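Below is one structure, written out as structure tokens; the observations come after it.
The values are calculated or read from the model by the stated rules, or taken from the named source; none is laboratory data. From a predicted model like this one, the values you see are computed outputs, not experimental measurements. All Cβ positions, even for glycine, are placed from backbone atoms using ideal geometry, and neighbour counts span all protein chains on display. Accessible surface is based on the protein model in full, side chains and every heavy atom, while ligands, DNA and RNA are left aside. Shrake-Rupley method; radii C 1.70, N 1.55, O 1.52, S 1.80 Å.
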Amino acid sequence: MNRAAERRFFAASESPSISVIIPTYNRKEELTGLLSALEKQTRPATDFEIIVVDDGSSDDTLFYLKTLVASGKENLLFCYQKNQGPGAARNRGMAMARGAFFAFTDTDCRPLPEWLEELIKPFSDKQAGAVGGAEEFGPAERALSRAIHFCMTSPLTTGGIRGTSGNKLARYYPRTFNMAISREAFERTGGFKRIHHGEDIELSFRIREAGLALRYNEKARVCHHRRSTIKQFFQQLLRMGEARVALARLHPKMLEPLHVVPAAGILIVCLALALSAFSAVFISLLKLLFGAALFFAFLLGASGSMTRNLLIRERLKLFFMAPFVFVVQQAAYGIGFCRGLWKWLNERVNGKGER
């Protein structure tokens, strides 16, 4: 399907104020749940359009979208592109959109009814260029998914940089699983760049550099149904760590001390292990590091078990699983960061780095 096959169903006189843009790739079942959740928004359906950009799905996603349109879902638009990535899909959606604001979410998210209403509220400040919201897990989530969610959102593990309230140890940047930008922000920045990972953080940075403000509204919430196994989670964090170096190469100001901590921990442990063969002092250092890690893991598990709206059994699972997931998180991110740094240094030595 080419551009001629893109479908629009608003009358020319109508102008939705918000465009909800959803990239998808072989996620028909998830997309069904997401569109159902969007039907329950407190914002009137006539006030927003939904633009689904299929990035080359080989399942029956396109047939499903055609069926919805044929059945009279008037605020739904869709188009097709061939495997260009989620950033390009969102850019395509914004190029099609007519709203004054562009809202983004992913197919593995389920926005709460007030999501769109709350996500757009901070734009009452004309200086706001991008807004991010919060994520939570649903009552039916697996223990592993809950532990991953906790470790990805807890101020104890990420310093609050994914939008939790309170003091943050690094600057907050909205992420596209729950994010909105103004049309002005899109026009000033040109949208998402073609980078391997972290394109939402990079766009948020450029929006701020363009003189617009980044806002966070904790009341704009989505349930994030993480589909990760431990292996997938490790690989995801590995890419995130490597991407942090790539982002710092593009914009040095994006690198903050908190981002270096996991890699520094990996290097300290490796150095202590190597030197322990020569001195008992370093064996003592390893014991100290291990003891500190156990103490923090206890605090982390206790903090996770205090999560509200969980049965005692579920709290106990989180108590024991959260420390394990935390170790995987920090190790993967640290290794990825070191790998990204090694690639950059290797390019510099071989004369292939930026000039």
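In debye to the nearest 20, how big a dipole does the chain give about its Cα centre with +1 on each Lys and Arg Cβ and -1 on each Asp and Glu Cβ?
Taking the Cα centre of the chain as origin, the dipole is about 760 debye.
Between Phe296 and Phe324, what is the label-to-label distance in nm when each label sits 7 Å out along the Cα-to-Cβ direction?
So the label points at Phe296 and Phe324 sit 2.0 nm apart.
Given Cys223, Phe192, Val131, which one lies farthest toward the positive end of the charge dipole of the chain, if we put +1 on the Cβ of every Lys and Arg and -1 on the Cβ of every Asp and Glu?
Farthest towards the positive pole: Phe192.
Of Leu77, Ser182, Leu116, which is farthest towards the positive pole of segment 62-203's charge dipole, taken about the Cα centre with +1 and -1 on the beta-carbons of Lys, Arg and Asp, Glu respectively?
Checking the options against the dipole of segment 62-203, the answer is Leu77.
Using a 1.4 Å probe on the protein chains only, how many percent of the accessible area of segment 103-242 belongs to carbon and sulfur?
51
With r as the distance between the Cβ atoms of Asn350 and Ile312 and R0 = 51 Å, compute the FRET efficiency 1/(1 + (r/R0)^6) and round to 0.05.
Plugging the Cβ-Cβ distance into 1/(1 + (r/R0)^6) gives 0.35.
Rg to Rh ratio, segment 38-185, alpha-carbon atoms and Kirkwood radius?
My calculation puts Rg/Rh at 0.98.
Be a star and scan segment 53-79 for residues whose amide nitrogen sits under 14 Å from the point 7 Å along the Cα-to-Cβ vector of Arg98.
74-78
What dipole magnitude, in Debye to the nearest 20, does segment 81-193 give about its Cα centre under +1 on Lys/Arg Cβ and -1 on Asp/Glu Cβ?
Using only the charged Cβ atoms, the result is roughly 440 debye.
Over the chain, what is the percentage of antiparallel beta bridges among all DSSP beta bridges, to the nearest 5?
Of all bridge pairs located within the chain, approximately 30 percent are antiparallel.
Compute the label zone of Ser71 within segment 44-65: residues whose backbone N is under 17 Å from the point 7 Å along Cα-to-Cβ.
Of the residues in segment 44-65, 50, 52, 60-65 have backbone N under 17 Å from the label point off Ser71.
Grab the DSSP H runs of the chain that are 4 residues or longer, score each as -39,500 (n - 2.57), total them, divide by all residues and round the 222 nm result to the nearest 500 deg cm²/dmol.
Mean residue ellipticity, 222 nm, calculated: -16000 deg cm²/dmol.
On a 0 to 90° scale, report how tilted helix 199-209 is relative to the longest principal axis of the chain, with both axes built from alpha carbons and the result rounded to the nearest 10.
80
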